[in-house]
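Each remark here refers to the structure printed beneath this line.
Each value in this text was obtained by applying a stated rule to the coordinates, not by laboratory testing. No experiment lies behind these values; they were computed from the predicted model shown. Cβ placement follows ideal geometry from the backbone for every residue including glycine, while neighbour counts extend to all protein chains displayed.
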Amino acid sequence: MESVYLGREPIIDRENSLFAYEVLYKNAQKESEANSRYTSASVINTVLNKFGTNAIIGNRKAFVKVDEKFLMHDLIFTIPSEFFIYSLVDLELSDRVVERIFQLHQKGYELSLDDTPLKKDVLVKYQTILKKLSYIRVTLDDVGMSTVKLIEFLHKHGIKVVSTGIVSSTEYKVAKELGCDLFQGYFFAEPKILENSKYEPSQANILQLYNLLLDDDTDIDVITQAFEDNHEITLQLLQFINSGAFHFRNRISSINHILSLVGRIPLSQWLMLMIYSKSVSKTSGYSPLMLMVKNRTELMEKILKVVRPDASKEFLGEAYFVGVLSLIDTVFGVELEKILGDMKISLEVKEALIEHKGILGEIYLLVRGIEVVDIDLMMDFEEKYSLESDVIETIVLESMQGVNEFENPSED
């Protein structure tokens, strides 16, 4: 099978919770933009059969782009309707195309128009298939009163509106006020740096606990007491440790017990990861930001293991910290340099995050490229380190699966 680079971009609901993904994919052949934008139906089918839907999207649904060639291929019916939403691209509504859309709808497939300008003439163009659509993915370039009316019109037809390409909280606010239902992009990871801002008490407490854990001179009883003085943090930590993500024989009931079982460094890593848990989402699940950071830590460690097979446990821990700290300024609302200055962090981690120096900085840039499926960056990295052509592809899929299992652990 030809190498296919996969990525997925989050789609958030009005409560800031993860609703679905868009699966992004490009093949390894550097073709023209028109040809490389979408892989063939047969390639997508092979990828899904090889790795399984659970590895790619877990229990979420995923939007996949479908052009006319893909739409009219009979393999389209072999892709599970319960997992994927076909996002229709650049369609000319011939009789054959309309008939195929009706067939898919009848078989239970959810359909969407992809990145459609929200204008009256566009909706008129697609009026013959509107009743078969569940979603419309829109680009909000020209916003006005007519935009609100068009969204209301779509809602009357039972169609949810997905605002795509949102990269800032300002754009999100506008789309939400217009009445959009879903929002796509990494806007939730936008740092909100405020001049002369200060840490909230709970944030300062987290950093204090973190520093205590990494201070070898601090007695375990002092650390235990510091956690117990922070009831909310302790409760969240106990819930986290007792989740299906860990496989302890007996239920953990105390901080002292956690320290004796897992050690200070792993606990400090999980403590940093945990600060993202409620930072965006208003629901009880893990926030999109936390899942994004979890994916970064998975990628950082796995890529380092491939590039440096002899990497020490400490070096792998530093790779983890680059991933977990990469969005901490978003949570704290303070410049990254300021936060790192208050933490017991190695120079290598600081330089990787701030200046992208060293192998950790190089891997960090690659991880950010993976998120947007920067195929040139991925292939250049593979070439530089003489990696097999499918190494990054495999790591990305393993990391997706790791995040899925983290979010929805098995009951075993």
My understanding is that a pair violates if its Cα-Cα distance is over 26 Å; which of 26/302; 26/119; 132/173 do that in this structure? 26/119; 132/173
Candidate cut points under GluC sites (Glu not before Pro) in segment 335-412, DSSP loop plus at most 12 other Cβ atoms within 10 Å of their own Cβ, are 355, 388, 411
Could you run the Karplus curve 6.51 cos²θ - 1.76 cosθ + 1.60 with θ = phi - 60° over segment 321-331 and give me ³J(HN,Hα) per residue in whole Hz, x for Gly and Pro? 5, 4, x, 6, 8, 5, 10, 5, 5, 5, 6
Applying the Karplus parametrisation 6.51 cos²θ - 1.76 cosθ + 1.60 with θ = phi - 60° to the phi angles of segment 152-168, what ³J(HN,Hα) value in whole Hz is obtained for each residue in order, glycine and proline being reported as x? 4, 4, 5, 4, 5, 8, x, 9, 8, 9, 9, 8, 9, x, 7, 10, 9
May I ask for the distance between the Cα centers of segment 157-176 and segment 49-108, given as a whole number of Å? 23
Under-5 Å amide H pairs with residue 160, H placed in peptide plane, nonlocal only: 135, 136
Is the shape of segment 285-412 rounded, prolate or oblate, going by the alpha carbon gyration tensor and its root eigenvalues a ≥ b ≥ c, with a/c under 1.5 for rounded and a/b larger than b/c for prolate? oblate
